[in-house]
Amino acid sequence: MPADGSPTMLPGTAVPTLGTGSPQPPAAVTPTTSGPVAGPRRLPEPSALGQAVLLGMEIAGVERQIQHLSDTQRQLSRHRRRWEAGGRAEQNVARALLVMEDAGWHVLPDRRWPGTRRANIDVILAGSGGVFVVDVKNWREAAIERGRLWRGDADADDDIRKLADQAAAVAEVLADAGLPPTEVVALLVLAGRRNIREPIDEVTVLGEYDLARELARRGARLTPDMVERLLEQLEHGCPPMPRAADPVVPRAPAAARPPTPRRDQTDPPIAGGRTSTPKLSARTAPSDTDRPDPGSSPGQSWAPGQGSLLSRDELWRELLDAADREPIETWMTWLHPTQARLAGRRLSGPARVRGPAGTGKTVVALHRAKHLATRGDRVLFTSLVRTLGPVYRALLTRMAPDHVERIEFTNVHAVAARCLRDHGLSGRHQQDAADTCFWRAWAQVGRNSVLPDLGLGHQYWRDEIATVIKGRGLTSYSQYASLARVGRSTPLQPTHRRAVWDLYERYERLRTERKVLDRDDVLLLARDLVRASSETPYDAVIVDEVQDLTCVGLQLLHAFVGDKPDGLLVVGDGQQSIYPGGFTLAEAGVPVVGRSTVLTRNYRNRAEILRYAQTVIVDDSFDDLDGTPEHGRREVDIDRPGGEIAEVTVPDAAAQDAALCAHLTQLHDNRDARYGDMAVLVSTNEAESRWLRVLAGCDIPAVSLKQYDGTSRGFVKIGTYHRAKALDFAHVCIPDRNLFPGPRRASESADAFHERTRLERRQLYVAITRARDSVWAGIRQGPDPGHPRPAQTGPV
Ligand SMILES: Nc1ncnc2c1ncn2[C@@H]1O[C@H](COP(=O)(O)OP(=O)(O)OP(=O)(O)O)[C@@H](O)[C@H]1O
């Protein structure tokens, strides 16, 4: 981390913005009362090609990359003849790649395969583009058919598997430095071939002439510091093999530096200089078998052929393309060792990642999804919140464009609905009709029972049925009578439980008479269908924000993969539980003992913000899915000092509107912050609509979090505390901060008040912990405009 405490950024990249999907530079917030805030480097729009170069890498860096990649190609070309003569291909490639060291790349030939005594890895290549485990094959005949590599008539599965195993072993070594497993790339290079790039399982098969392009397209992902740390790690984990006493090959003299390339200039090809065409079709020297030039499409076979090398122009284009893609954020390529190890670890059964807000749980989940997809698994990445799926998909697309299609991003209720559809049961979920059944049941048996005496309101009893009875899959009164109601603090006497059960039974009767399902029925039915099925569409299921699910929702997801190794990963934090109800993992039948990890380093919130958020929930114990109450104050390592809290007192709503708009405008105009990195978070849908109108009236571009898919930049996000879940923003505004939780209502019992406000404080805590750099809180004086209605309690 830089001395000022701002997050480590790769050259030209933006601060981490998990969830907002808009990688943007840190806003230029001038610290007032607190410590330092990230520097104000404003980056250009990445869509403009020329600007993208500045964004992704320095011009000089591009030149250097072109220089060394060109040199590499030239070297490879020279050495190919020797390979063809039956030389030792791997050593020659290693020698050829030595020229890359001038540009900060490191070539490590003949290294020990970690975990073995004598086996070696031919070449490991480490540089700004990542780490590559390279295996060169000098085969006369090679083909890719039906997703497999063939050498003549024999499949090359063993070669692919061996290389994948080598890369996995190297990844394990480098995880100790913080490199995510998928940043170690296995490359099987076919000597003398070109126009080949085919991912096969975890290995990418390349032609010799495609190697430089492959390295270029990765762009600059690791800083020199990171590369140094990796090298140290490799020195211990993959030391040189003892037999590597070969004479050192003198390094090729550096070629004269080419003139600075410009986008409009056409350079001669790097090899041979025979023609100025940058195309790949021209032939050079004859090969061992004079066959036609290979094509690149799957199903074709290649014999060693010849081709002109990549022109500098083409390399330039590859580098520009890499720079033009959305910038890589630090957490996409570099993690804390605990995170990196978790992402790639083989888990013998269901596993869990927990920890306070902002500790990188979702980041681990995303890296794990990438890791599993890269090795060919079909992955479901899910949570309760509908709007999170597109945001996660947008992030994974940047992290793993080649593999994102193997990952499905869907919320739990959509998964369940599809199960029913697949079994011809669609159309029966009618939530409105089910709600009507509940209100009728309440009127018939609830209103005149002992329940209203507890002063909890009928919504409480609706939630009791949804989350405690149906959400936990209870089927008999005796189960309910003796149930520990995890997550619900108002004690119920036996007469109350009996009254609740009567209400539930009446509701069920009315509902079945109308032949409709509610959302909890859909989960129950889907769970049973999946349990009864012998097929599953997924190899792995990753559940984010697991504390928001019901027990049955988690059982449905568990049913897809059972307890198989690397099957289920649940990620969450009970302190951020913002829906009524609760359950334990044991009750859901998800055994995670020995496979649970706690993360404790907060990467998101600056110190002052975290402190401010913690004051909200410090006195509230919580349950973290294991039935044991935990203390509200938790130890967290803080990564980023400073942060700004502004509590602004206003006399009325109109004054608050003006103050909040002025604050946003001032951040944007005077402090170089982007609207896209600001959020206004509120407790109700009504308040969200109102603030959308207020900002429109002030000409501030804004978008509802309901519409947000991780891509809309340049708009202030407005949404409920519930919908802000798992996202983060540089600047968060919380109007009416002092009106939430609201005061005790006339009809509310002390227990009811306690339970409601505890839940609402957790919601507020979630809202505040979305802020990275600053929080603006409106404190409204004057007459209480009334406590706002609680936000929706169903899935969003
Ligand atoms: N190793 C890391 N290096 C730098 N930044 C990181 C790292 N891990 C996570 N982050 C950043 O920290 C922020 C929080 O990460 P993440 O959302 O994964 O945390 P979380 O524990 O899931 O949070 P919450 O529970 O509050 O939703 C993100 O903006 C992410 O980019």
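What follows draws every value from the coordinates through simple rules; no lab data is involved. Keep in mind that what you see is a predicted model, and the values were worked out from it rather than measured. Please note: Cβ atoms are built from the backbone with ideal geometry, for glycine as well, and neighbour counts cover all protein chains shown.
Within a straight-line Cα-Cα reach of under 20 Å, Lys162 can be paired with the following lysines, leaving aside sequence neighbours fewer than 8 residues apart in one chain: Lys137.
Distance check, please: which entries in Lys361/Lys470; Lys515/Lys725; Lys564/Lys725; Lys370/Lys564 exceed 26 angstrom between their Cα atoms?
Values: Lys361/Lys470 29 Å; Lys515/Lys725 34 Å; Lys564/Lys725 29 Å; Lys370/Lys564 19 Å.
Beyond 26 Å: Lys361/Lys470; Lys515/Lys725; Lys564/Lys725.
Peptides 416-424, 500-508, 351-359 ordered by packing proxy, namely the average of other Cβ atoms within 10 Å per residue, highest first: 351-359, 500-508, 416-424.
A straight line joining the Cα centroids of region 630-658 and region 393-417 runs 33 Å.
What order do you get for 475-486, 214-225, 641-652 when each peptide is scored by the mean count of other beta carbon atoms within 10 Å, highest first? Display every interim value, and only then the final one.
Details: 475-486: 13.5, 214-225: 20.3, 641-652: 17.0.
Peptide ranking by packing, descending: 214-225, 641-652, 475-486.
Between Arg693 and Arg601, the C-beta separation translates, for a Förster distance of 35 Å, into a calculated FRET efficiency of about 0.30.
If packing is taken as the mean number of other Cβ atoms within 10 Å per residue, what is the order of 553-560, 768-775, 384-391, 594-601, highest first? Write down the numbers at each step before the final one.
Values: 553-560: 25.1, 768-775: 28.4, 384-391: 20.9, 594-601: 15.9.
So the order, starting with the most tightly packed, is 768-775, 553-560, 384-391, 594-601.
Coupling constants for region 682-696 follow from the phi torsions by the Karplus curve (6.51 cos²θ - 1.76 cosθ + 1.60, θ = phi - 60°), and in residue order they are 9, 8, 9, 5, 4, 5, 4, 4, 5, 5, 4, 5, 4, 5, 4 Hz; glycine and proline get x.
Given an 8 Å cut-off on Cα distances and at least 6 residues of separation, report the relative contact order of region 431-516 as a percent. Once divided by the residue count of region 431-516, the mean separation gives 50 percent.
Hey, fewest Cβ within 10 Å first, where do Val618, Val716 land in order? Write out the running numbers ahead of the final one.
Values: Val618 14, Val716 25.
Sorted ascending by nearby Cβ count, the order is Val618, Val716.
All distinct Cα pairs of region 431-516 go into the 1/r average, and the inverse of that average, the Kirkwood radius, is 13.0 Å.
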